[in-house]
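Colleague: For reference, the structure I am asking about is given below.
The values are calculated or read from the model by the stated rules, or taken from the named source; none is laboratory data. Owing to the predicted nature of the structure, the values given are computational and were not obtained by experimental measurement. Neighbour counts run over all protein chains shown; Cβ positions are idealised from the backbone, glycine included.
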Amino acid sequence: MTDPIRPQKGIMDIALYQGGSSHVAGISDAVKLSSNENPFGPSQKAKEAFQRAVHKLHRYPSTDHASLRQAIGEVHGLDPARIICGVGSDEIIHFLCQAYAGPRDEVVFTEHGFLMYRISAMAAGATPVAVRERDRTTDVDAILAACTRHTKLVFIANPNNPTGTMIGLPEIERLAAGLPKQAILVLDGAYAEYVEGYDGGAALATEGRNVVITRTFSKIYGLGGLRIGWGYGPQSIIDVLNRIRGPFNLSNAQLDVAEAAVRDQDYVARCREDNARMRAWLAEALAEKGVPSDTSTANFILARFADEAEAAACDEYLQSQGLIVRRVSSYGLPNCLRITIGDEASCRRVAHAIGKFKGGK
């Protein structure tokens, strides 16, 4: 007998999101390089804010996130009234799809883009449209060619996950200008802080009518476990998103810790510098061992192997050595492994292990 209780059409077609693995069976001290986490964690100021938050556990948080929005606005030179905060940038992405896409609408993203674009589009009943990249890099011409009168949202992660590549501001501007008039360009800046001098498209979102940016505290701020993100764009769009945002979607702890973190830009700069140093070292070390990668602008590299079998074999070997990286077959890159830039000891350890794997074949 058919169950009469059924979800909306298309929901059961969504493939469950699989995060990076955290454990290896039989190994208690494995090094996790699978989720693009900051190996140094949050700043001391953020930790202290979290400790203080214990005294407000019985209090409801603010519904307008005014203090955090003010801090973000001051640090980034943005109008706080045009900022919305969410449970990670994932929730902002979901809000955008919920508010602007539905049945018979299309949501465009690149073929190796963040999996949540497809998931959120399908959850809203919209049609996901994956566009080919050029050498694992966003192709603006291909995106514009894929847009139709049904296109409502275009998602671009810049830098992109899991490739680590990015496109320059002139190309982003050309994309925004070329979109159909009913479409919104969403610039996902989860890794923007790893690029020196890059505003994640904030200036374009300030000036344009059809550009929204999203950011997160999960990466360089080291707060993945608290789930905090934000978005910024035209006032009219932010007003729409706030109408579907839950009034208490962020706790006092999330709000206070995020505010302390965003105001500690000295810590962000130190993390960015260390990441750039070890990213360059690891990419060169792996290249010398016959494992190439594209120039990454994020906190990971996408290591390329001869084929899927070699990538899988290398992953299994790394696990046997207590090293957890990320297979990215679900992103259409079965011959690759995404490796988070850890601290120096972790980077040297994974480079040594891959060298042994390649040498022992």
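Colleague: Does Gly342 meet the test of being in contact with a strand residue (DSSP E or B) (Cβ under 7 Å, 6 or more places away or on another chain), in a loop (DSSP other than H, G, I, E, B) and over 30 Å from Lys56 (Cα atoms)?
Modeller: On the way: in contact with a strand residue (DSSP E or B) (Cβ under 7 Å, 6 or more places away or on another chain): yes; in a loop (DSSP other than H, G, I, E, B): yes; over 30 Å from Lys56 (Cα atoms): yes.
Spelling it out, Gly342 is indeed in contact with a strand residue (DSSP E or B) (Cβ under 7 Å, 6 or more places away or on another chain), in a loop (DSSP other than H, G, I, E, B) and over 30 Å from Lys56 (Cα atoms).
Colleague: Can you confirm whether Val328 is assigned by TED's automatic domain parsing to the domain that holds Asn158 and of a type in the set (Val, Ile, Thr)?
Modeller: Numbers: assigned by TED's automatic domain parsing to the domain that holds Asn158: no; of a type in the set (Val, Ile, Thr): yes.
So Val328 does not fit the description; no.
Colleague: Looking at the range 118-175 only, could you name the residues that are touching a residue at least 24 places away in the same chain (Cβ under 8 Å), outside any helix (DSSP H, G or I) and either hydroxyl-bearing (Ser, Thr, Tyr) or outside the structural domain of Ala203 (by TED's automatic domain parsing) (or both)?
Modeller: Correct list: Thr137, Thr138, Thr148, Thr151, Thr163, Thr165.
Colleague: Hey, another quick one. Can you report the number of residues in the range 90-117 which are crowded, with 18+ Cβ neighbours inside 10 Å and not in a helix (DSSP H, G or I)?
Modeller: So the count comes out to 10.
Colleague: Six or more apart or on different chains, Cβ atoms under 7 Å: show the pairs whose first residue is in the range 67-82 and assigned by TED's automatic domain parsing to the domain that holds Ile238 and whose second is among the basic types (Lys, Arg).
Modeller: Qualifying pairs under 7 Å: Ala71/Arg263; Val75/Arg263; Pro80/Arg69.
Colleague: Right, something else. Scan the range 213-253 for residues that are under 27 Å from Thr340 (Cβ atoms) and of a type in the set (A, V, I, L, M, F, W, C) and report the count.
Modeller: So the count comes out to 9.
Colleague: Moving to a separate point now. Residues in the range 295-312 that are within 16 Å of Val195 (Cβ to Cβ) and either aromatic (Phe, Trp, Tyr) or surrounded by 16 or more Cβ atoms within 10 Å (Cβ to Cβ) (or both): how many?
Modeller: Looking only at the range 295-312, we keep the residues that are within 16 Å of Val195 (Cβ to Cβ), and these are 295-301.
Filter again for either aromatic (Phe, Trp, Tyr) or surrounded by 16 or more Cβ atoms within 10 Å (Cβ to Cβ) (or both), leaving 296-301.
Of the residues in that region, 6 qualify.
Colleague: If we only count helices (runs of 4 or more DSSP H) wholly inside the range 204-298, which ones have 2 or more residues that are at pLDDT 95 or above, charged (D, E, K, R) and not assigned by TED's automatic domain parsing to the domain that holds Gly164?
Modeller: Values: elements: 235-242, 252-263, 265-288.
Answer list for the range 204-298: 265-288.
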